[in-house]
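There's a structure below that I have some questions on.
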Amino acid sequence: ARLRRGSRWPTVGAEMQLAETARSNREPLLPVQRSVWSDGQWACLVTVSVASSVQCGFGLGSFNNLDVLVPAGLAEEQLWLTRRQWALIVSGFGLGGFAGALVGTQLLRSRFKAALLLSSVLVFASSTVVMLCNRWDQLMLGRVLLGVSAGISTSVFPLYYAAVTPPGVRAAMGASHRLGLVAGIVASQALTTPSLSPLATLTLWRYVLLVPMGCAVVGLGVLPGCPEDPRAVRASRGSAAALELLAQLYGVQDAAAHLDAMRAEDPEADGTGSLTVLELLASKRLRPKLGPALVAALSIQLSGVDVVLYYSSLVLRHVGLAEPQLISTCLGAAHAAATAVGMLLSPRLPRRPLLLGSWAALACCLAGLAVSVWVCYRIQQGLTDLEEVPQSADPWPKVAVAALAGVVLAGAVGPGAIGWSIVAERMPMHSKDAAMALAVLLCWAANGAVAFAFPLLRHAMGPWVFAGMGAACLAFAAFTHNCVPERDKGRPAW
């Protein structure tokens, strides 16, 4: 009755005592003993998760197949793109993601609905800019805005899902987010493939950006049906209202314990709550755990998968294949399938052997890619017109395709499926949020750096840039062997 009236509870101890009394007497504080999630709330939550992740995947994959259409369209207006300008356009998504993650981790951590509104506004602004632009800097601005939206969603939404969903279904929410991400990548590549989509033309390619706008509309439409964030409710309306909401989300018997944990994580409570990012970096005691965890998260971005997502069409075109966009779309579909397989295998297989095998496979595939691309370049040296490379029975272009497929498969099954779980497992509870926030920031920065540097390094080093990436994979394998422990027995993978 006191809970229904919204009266304030005197202390956390009193809440725990009342909950314990209810357990011992088997008398509920409220008529329902379990969470009272409705099917509509679950549908709204999953819809928001998938829609936001599809937007992010669209930003990752949309410009891979546009490396000919966009420069050709600008050339018709007497504007010619340089290699550095194209690298800036592609990397704008990662740079914007870093800025969005910074905003999300510092200002919007417990403001899910405000974050979703801001993210949707940025998606509309990004799509509008790209659809109306006629200069390369405007294209880059549109990419940056879409990246800011994605950075906000990747830094705020996982914390919200963890706050409102029962522990038994959090893995399912994470799965829906990852599957939505790879689905967005495949959809963006399919819609920009000339042989698959009528939009992949000089005049219509901009309308592909209607897809993330549609996802933003869907997310805003179901926003009222999503439950409120208990952290925001506690900050605005007090502990009694937060406790009532927690009783709906987790069940009455567990509500007080969750409120107690929420108060313990409050950095303003008594100075012993969750650490900030700066406090985490300054902590000498946590550095031995933080360093390996961050390297494990960064390895996802530096494994070579990002290069395939951003530039596979460019690489395949230069080895002489006739339909590089279609092959890139098939590689995206293979990446999606490997992501699903990795999600199934990673909780069931030992972590270290899976990671070591994945790094070894990545190194071999990247070495094979370097050799195959080098041989293709040597074959093309005798041609007078390198823009129209004839097809032949030479197997080396097919070897390059197989090597790229191996990169996406090994990356998705190994570091892509396990890297983030290492951060969550290694760090203590009071530092976990700060560690995840720092990992998100570093990954977005690495994503932008890889997208910008690859075209320039490829021009300077030729195919041997892939050999350098393979050497980096061997370094990550040595790091995994020496620094990454096997997961504790009984500890979940997610």
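The values are calculated or read from the model by the stated rules, or taken from the named source; none is laboratory data. None of these values were measured; they are calculated from a predicted model. Cβ placement follows ideal geometry from the backbone for every residue including glycine, while neighbour counts extend to all protein chains displayed. SASA here: full protein model, heavy atoms, side chains in, ligands and nucleic acids out. Shrake-Rupley method; radii C 1.70, N 1.55, O 1.52, S 1.80 Å.
Per residue, what volume in Å³ does the convex hull of the Cα atoms of the range 48-99 enclose? Write out the running numbers ahead of the final one.
On the way: hull volume 4.7 nm³, N = 52.
It comes to 90 Å³ per residue, whole-number rounded.
Explain nothing, just compute: Karplus ³J(HN,Hα) = 6.51 cos²θ - 1.76 cosθ + 1.60, θ = phi - 60°, for every residue of the range 176-192 in order, whole Hz, x for Gly and Pro.
Running phi through 6.51 cos²θ - 1.76 cosθ + 1.60 with θ = phi - 60° gives 5, 5, 5, 5, x, 4, 5, 5, x, 4, 5, 4, 5, 6, 5, 6, 10 Hz.
Hey, got the dipole for the range 53-188? About the Cα centre, +1 on K and R Cβ, -1 on D and E Cβ, debye to the nearest 20? Mind showing how you got there, number by number?
Working: 9 positive and 4 negative charges, 106 e Å.
Its charge dipole is roughly 520 debye.
Determine how many Å³ per residue the convex hull of the Cα atoms of the range 313-354 encloses.
On the way: hull volume 3.2 nm³, N = 42.
That works out to 77 Å³ per residue.
With θ set to phi - 60°, apply the Karplus curve 6.51 cos²θ - 1.76 cosθ + 1.60 along the range 328-343 and write out the HN-Hα couplings as whole Hz, x wherever there is a Gly or Pro.
My calculation for the range 328-343 gives 4, 5, 5, 5, x, 5, 5, 4, 5, 5, 5, 4, 4, 5, x, 5 Hz in order.
Additional query: So with the 1.4 Å probe, I'd like the accessible area per residue for the range 122-201, rounded to whole Å².
Working: 2720 Å² over 80 residues.
Per-residue accessible area for the range 122-201 comes out at 34 Å².
Moving on. Quick one: grab Rg to one decimal and Dmax as a whole number for the range 400-466, Cα atoms only, in Å.
Radius of gyration, then largest Cα-Cα span, for the range 400-466: 15.8, 46 Å.
Whole Å is fine, so just give me how far the alpha carbon centre of the range 49-100 lies from that of the range 314-376.
So the two Cα centres are separated by 22 Å.
Between beta-carbons, use under 12 Å as the cut-off and find the net charge around residue 376, counting Lys and Arg +1, Asp and Glu -1. Mind dumping the intermediate values first?
Details: positive: 317, 378, 398; negative: 394.
So the environment of residue 376 carries a net charge of +2.
Near the amide H of residue 283, under 5 Å away, which other amide H atoms are found, from residues 5 or more places off or on another chain, if H is placed in the peptide plane?
It is none; the list stays empty.
Whole number in Å², please: accessible area per residue of the range 427-477, 1.4 Å probe, ligands, DNA and RNA not counted. Mind dumping the intermediate values first?
On the way: 1850 Å² over 51 residues.
Result: 36 Å² per residue.
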